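As C-alpha cells, the structure follows; a few thoughts come after it.
Coordinate-derived values only; no laboratory data. Quantities reported herein were computed from a predicted structural model and do not represent experimental measurements. Don't worry about glycine lacking a Cβ; one is built from the backbone with ideal geometry, like all the others, and counts go over all protein chains shown.
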Amino acid sequence: MAECWLSDLASIWENVELIDDDAEKVIGLSVVDAAAAEESPRALTLLTGLAAVGGPHVAPRARTEARRLASALSDKAPTWLGALGRARFVGSWRTQEPFGDGDMVVLVLEHDGDPPHAVGVLIDHNLGSMAKDVLVADDAVMLRSTWESAAPGVTTRDMSAQEAADVLAHGLAVEDMYLDSPATDDLRSFRPLLRTYLKALPRPRPIERPTLDERDRDRLAEEFAASDEARGLAHAVVDDIAWRIIDFGCDYSDGDPLRWSPVVVEMFMTDWLPRKALLEVPVKAAPDAIEAWVRFSGRRRGLAQELIEEAAAAVGLWTSEYVEAMRDSARFRPAKAIVGAALAEGIELSDQAAVKAWISDFNAKPEAERRKTLP
C-alpha cells in the first residue's frame with residue numbers, strides 16, 4: 001500500500017531528534033527538494049503522497065511542487081495517484097475485553113475503485129489510553145468476523161465517527177508526550193497516515209478523564225473497609241493500602257480505581273508502589289489487602305468469578321518481586337527517597353519548621369553526599 005510506505009518515510013524525520021534543529025526541516029524538506037529536482041513520475045508520486053502525510057513544513061512544500069510537476073507529467077502519473085490521502089470513512093467499531101486493559105479501535109476506509117480496508121489502533125488504557133500499536137487489514141469484514149469468533153471474551157460494538165475521532169486523537173496525543181514511547185515501531189511508522197485518516201472524521205473533542213473527588217474517595221474506602229473481602233484485615237492496613245490503591249486508580253491509571261486486571265496488579269505492585277509509596281504498615285502486609293481490593297472491585301464491576309480469580313492470583317505471582325522492589329532504593333522516585341531519608345533521621349513531617357530545616361541542611365550538602373540519598 002503506497003500510503004503505508006509514504007507514512008513510514010515521513011515517520012523517519014518525526015522520530016529523529018536533532019540538536020538545535022528541526023528534523024522535518026533538515027531531512028524532510030531535503031527529500032522534497034530532491035524529488036522536485038528529479039521531475040519524474042516517481043517524484044510526482046512521492047510529492048503527492050508527502051503532501052498528504054507530511055508534517056507542517058513538508059506537506060505545504062510537497063503540495064506546491066506536486067502541482068508544478070502534475071501539469072507536465074499528468075499523462076505519465078499512476079492512475080491511483082489522485083487517491084493518495086483521500087480515503088473515505090465508511091464506519092468504525094471497537095473491541096472490548098472484560099478486564100478493560102485495552103481496546104482495538106478500527107476505522108473502515110475506502111479509496112475509489114478499491115474495496116474497504118480496515119485500520120485498527122490498539123488503545124492501552126493502562127498507559128493513559130495511549131495509542132500503542134496498529135494493524136492494517138485488506139478485508140474489513142473478515143477482520144471483524146475474526147475478532148468476534150477467535151478472541152475469547154472479546155466483544156465488538158459499533159462506534160460513531162465522532163467517538164472514533166475523539167479516542168484516536170487522544171491516544172496519539174498521549175503517545176506523543178512520551179520521551180521514550182512504549183508504542184510499537186509499527187505505530188510510530190503509521191502515525192503520519194493516522195493523522196491523515198483523522199481528517200476524514202469529525203473534529204476531535206477533548207476526552208475528560210474520569211476521576212473521583214475526595215468525598216467519593218472517602219466513601220469508596222469506607223465501603224471497602226466494611227466489605228466481606230476486607231474482613232480479617234487489620235484496620236491500619238486497610239486504611240493505608242486502600243487510599244494508595246484509590247489514588248493510583250484515579251490519578252495514575254485510567255481514572256477508575258475499580259478496574260483491576262493481572263496487568264494492573266503487576267504495574268501497581270512492581271512499579272508504582274516501589275517508586276512512590278512509603279507505607280505506614282509493614283511491606284509484607286500489603287499483598288493481602290491488595291488481593292482483597294481486587295476481589296472487592298471485581299465484584300463491584302460484575303466480573304465473572306473466573307476473571308476475579310485470575311486477577312487475584314496475580315497478587316501472589318508478583319509478591320516476591322514487590323517485596324524486593326520496595327527495598328530497592330534505586331527504584332525510588334526523588335520525592336520518596338527524600339521523605340524516607342527525613343523520616344529515617346527522626347523528622348516529623350507534621351513539624352514544618354523541622355522539615356524546612358532538614359531540607360536546607362540537605363541542600364547544603366556536597367552533591368556527592370546528596371546523591372547517596374537520591375536514586
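In segment 47-154, what trypsin sites (Lys or Arg not before Pro) fall in a loop by DSSP, with at most 16 other Cβ atoms inside 10 Å?
Taking segment 47-154 and a limit of 16 other Cβ atoms within 10 Å, the loop trypsin sites (Lys or Arg not before Pro) found are ARG86.
Farthest toward the positive end of the dipole of the chain, out of VAL315, PHE296, LEU220, is the Cα of LEU220, where the dipole comes from beta carbon charges about the Cα centre. Couplings 3J(HN,Hα) of segment 179-184, computed from phi: 6, 10, 5, x, 5, 6 Hz, in residue order, whole Hz [Karplus 6.51 cos²θ - 1.76 cosθ + 1.60, θ = phi - 60°; x for Gly and Pro].
When you count the other C-beta atoms within 10 angstrom of each residue and take the mean per peptide, 110-119, 14-23, 44-53, 301-310 line up highest first as 44-53, 110-119, 301-310, 14-23. Straight-line reach from LYS284: taking Cα to Cα under 12 Å and skipping same-chain neighbours fewer than 8 places apart, the aspartates and glutamates in range are GLU321, GLU324.
Computed from backbone phi, the HN-Hα couplings of segment 125-130 come to 6, 6, 10, x, 6, 7 Hz, rounded to whole numbers (Karplus: 6.51 cos²θ - 1.76 cosθ + 1.60, θ = phi - 60°; Gly and Pro given as x). Largest GNM mean-square fluctuation across PRO262, PRO274, PRO78, computed for the chain with C-alpha springs under 10 Å, falls on PRO78. Taking a sphere under 15 Å around the Cβ of ALA150 and counting the other residues whose Cβ falls inside, with K and R at +1 and D and E at -1, yields a net charge of -2.
Residue by residue, segment 312-325 carries 3J(HN,Hα) couplings of 5, 5, 5, 4, x, 5, 9, 5, 4, 5, 4, 4, 4, 5 Hz when phi is fed to the Karplus relation 6.51 cos²θ - 1.76 cosθ + 1.60 (θ = phi - 60°); x denotes Gly or Pro. Projecting the Cα atoms of ALA59, SER145, VAL26 onto the charge dipole of segment 19-150 (Cβ charges, centred on the Cα centre) puts ALA59 farthest toward the positive pole. Considering only VAL174, VAL134, LEU122, and ranking their Cα positions along the charge dipole of segment 88-198 that arises from unit charges at the beta-carbon of Lys, Arg, Asp and Glu, the one farthest toward the positive end is VAL174.
The trypsin sites (Lys or Arg not before Pro) of segment 225-280 that DSSP puts in a loop, and whose beta carbon has at most 16 other beta carbons within 10 Å, are ARG231. The dipole here belongs to the chain: it is taken about the Cα centre, uses +1 on the Cβ of Lys and Arg and -1 on the Cβ of Asp and Glu, and is about 720 debye.
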